[in-house]
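This report refers to the structure that appears directly beneath it.
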Amino acid sequence: MRKALRWLLALTVLIGTLSTAGAATAAEPEATGTTDIKERLLSVPGMSLVEEKPYTGYRFFVLNYTQPVDHRRPSEGTFQQRITVLHKDTARPTVFYTSGYSVSTTPRRSEPAQIVDGNQVSMEYRFFTPSRPDPADWTKLDIWQAASDQHRIFAALKGIYPENWISTGGSKGGMTATYYERFYPRDMDGVVAYVAPNDVVNKEDSAYDRFFATVGTEECRDRLNAVQREALVRREPLERKYEAHAAENGYTFDTIGSLDRAYEAVVLDYVWGFWQYSTVEDCEQIPADAKNATDDEIWTSVDTVSGFSFYTDQGLSPYTPYYYQAGTQLGAPTIHFPHIEKKYVRYGYQPPRNFVPRSIGMKFEPRAMRDVDSWVRDNARHMLFVYGENDPWGAEPFRPGRGARDAYVFTAPGMNHGANVAGLIEQEKAFATARILDWADVAPSAVQENPAAAKPLAKFDAKLDKRDVERQRTLRP
């Protein structure tokens, strides 16, 4: 995922729904003689306040929580993990959200939190700054350690928020929610995983090639392929432009190895990045005649979709933890480019190893994703997976098998990496909403009698349910 990757964190930060529903419940009153929610949160051992921000109907806290660097050996050092709490009412259910990256310190509400009209606890993934041990032992960045972070936060807050809990996240956050369920299946009452890739066999990526051969319309695919090819045909003049751009902005290329490698990586992200965050209608913005387009038109189109700043040291650095995990456990796609002659492609889709400083050692564990996939097929309970029809990451989805119970996979027609429950066809949207309400134990009697009547319990809030459009690179979910 490369520049589309850069957009990711924001889109997965929160998949808000546009549905209007019944009135939300009022914020919890601070009754006389009861302990203020801030005091209750700060009474948790290891919890400290960074700041509180006002938001009508809620209390919003940015907190630090002391976590062991190694949950297997908790005495061998700790670090401060940043979390946020969007407090509604201790009598309401709680949604446990993570993007799989950094945490937003602006009040935001995930789609499940709107559906159940509940509280939301959001966790910053370990090793994303500032939630990084110092010194950083990168061998302690794995899916079990991160799931154990979530388990420990849940255990610390369950006494304050005793009602049902649902975990959620989009893209890498959806993966994170799934891994958490695999390792701690008794914690959550339900899981809503959005657009979560499932790269079971890292070396087998033909599903992505099949996806790109049919996605969207032939006209749109042809436009994108032509611009991508032309950017490599015109490598020499466009790289001169890139050199000037890098010099002007102080960009360097030590991690990836050279400007030439970075240039090709950005260009090869172009088609993937478009489908990850754009629609067929957006094809009108792609040059229709790439061969006769100016250099500036080709540059601008690639930069808009893929971002020439991303493969610089400055662009890669914030995402080192993701690429480390992609190269050690998660896996990463490799796709081919049949519309581009081999003489124009020098490096191909580069592996995660090329995006992590060489001072950090990496070794891939092929069993990690196979274990999770097997567990989901045989043991998934109260799990909902939502994918977008035109999202490349959905080419390798999770598939609950015969052993799963009350677990579902839905695909939102025409949607991309921002797919959500609100984007499903009406019957599936109502059904998915009803299951989430039931898992949270807040389904109204009308919904229990007729799931087709299910709607979010909280009204849409333009600020709280806003998606922050922060571009993220294509090869990162």
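Using Cα positions and a limit of under 25 Å, work out the lysines in reach of K343, with same-chain residues fewer than 8 apart set aside. Reachable lysines: K3, K203, K241, K291. Calculated [222 nm] ellipticity per residue, helices only, for the chain: -10000 deg cm²/dmol; basis is -39500 (n - 2.57) per DSSP H run with n ≥ 4, divided by all residues, nearest 500.
Please work out the C-alpha center-to-center distance from the stretch 420-460 to the stretch 220-246 and express it in whole Å. A separation of 46 Å, based on Cα centres. Applying 1/(1 + (r/R0)^6) with r as the Cβ-Cβ distance of E243 and E76 and R0 = 56 angstrom yields a FRET efficiency of 0.75. Please report the spacing between the Cα centers of the stretch 60-87 and the stretch 318-347 in Å, no decimals. The distance from the Cα centre of the stretch 60-87 to that of the stretch 318-347 comes to 32 Å. Look at the Cα gyration tensor of the stretch 35-183: its axes a ≥ b ≥ c give a/c of at least 1.5 with a/b over b/c, and that counts as prolate. Of all aspartates and glutamates in the structure, those lying under 18 Å Cα to Cα from K455, and not within fewer than 8 positions of it along the same chain, are E111, D117, E426, E428, D438, D441, D465. Just to confirm the number: angle between the C-alpha axis of helix 259-268 and the first principal axis of the chain, 0 to 90 degrees, nearest 10? The two axes meet at around 70 degrees.
For the chain, build the charge dipole from Cβ charges (+1 Lys, Arg; -1 Asp, Glu) around the Cα centre, then report which of I37, Q120, Q67 sits farthest towards its positive end. So the residue furthest toward the plus end is Q67. Indicate the gyration tensor shape class of the stretch 343-477 (rounded, prolate or oblate), computed on the Cα atoms with a ≥ b ≥ c the square roots of the eigenvalues: a/c under 1.5 is rounded; otherwise a/b larger than b/c is prolate and the rest oblate. Note, shape of the stretch 343-477 comes out prolate. Each of P392, S374, A404 was placed along the dipole of the stretch 365-405 (beta-carbon charges, centred on the mean Cα), and the one lying farthest toward the positive end is A404. Just the protein heavy atoms count here, and of the accessible area of the chain at 1.4 Å, carbon and sulfur take up 48 percent. With all protein chains in place and ligands, DNA and RNA left out, the 1.4 Å accessible area ranks K38, K363 as K363, K38, largest first. Evaluated with a Cβ-only charge set (Lys, Arg +1; Asp, Glu -1), the chain carries a dipole of roughly 940 debye about its Cα centre, given to the nearest 20. Can you bin every Cα-Cα distance in the stretch 199-321 into 10 Å intervals starting at zero and give me the percent of pairs per bin, rounded to whole numbers? Per 10 Å bin, starting at zero, the Cα-Cα P(r) for the stretch 199-321 comes out as 12, 41, 33, 13, 0 percent.
Suppose every K and R has +1 on its Cβ and every D and E has -1 on its Cβ; what is the size of the dipole of the stretch 51-133 about the Cα centre, in Debye to the nearest 20?
Values: 11 positive and 8 negative charges, 14 e Å.
Value, rounded to 20: 60 debye.
When you restrict to C-alpha pairs under 8 Å that are six or more residues apart and normalise by the size of the chain, the relative contact order lands at 26 percent.
Between the labelled values (1) 3, 14, 21, 22, 19, 14, 5, 1, 0, 0; (2) 4, 13, 13, 8, 9, 11, 10, 6, 4, 5, 7, 7, 3, 1, 0; (3) 4, 21, 30, 25, 14, 5, 1, 0, the entry that holds P(r) over Cα pairs in 10 Å bins from 0, in percent as derived from this structure is (3). Accessible surface area normalised per residue over the chain is 40 Å², counting heavy atoms of protein chains with a 1.4 Å rolling probe. For the stretch 242-388, the gyration tensor built on C-alpha atoms gives an oblate shape. Its axis ratio a/c (a ≥ b ≥ c) is at least 1.5, and a/b is not larger than b/c. Maximal additional length on extending the E365-R346 stretch stands at 4.1 nm, based on 0.36 nm per residue less the C-alpha distance. Taking Cα atoms only, the orientation of helix 235-249 departs from the longest principal axis of the chain by about 50 degrees. Note on R210 and T300: the model spin-label points, each 7 Å out from Cα along the C-beta direction, lie 3.9 nm apart. Antiparallel beta bridges, as assigned by DSSP with both residues in the chain, represent about 50 percent of the total such bridges.
The values are calculated or read from the model by the stated rules, or taken from the named source; none is laboratory data. Just so it is clear, the model here is predicted, and its values are computed rather than measured. Here Cβ is always computed from backbone atoms with ideal geometry, including for glycine, and neighbour counts include all displayed protein chains. With ligands, DNA and RNA removed, areas are computed over all heavy atoms of the protein, side chains included. Shrake-Rupley method; radii C 1.70, N 1.55, O 1.52, S 1.80 Å.
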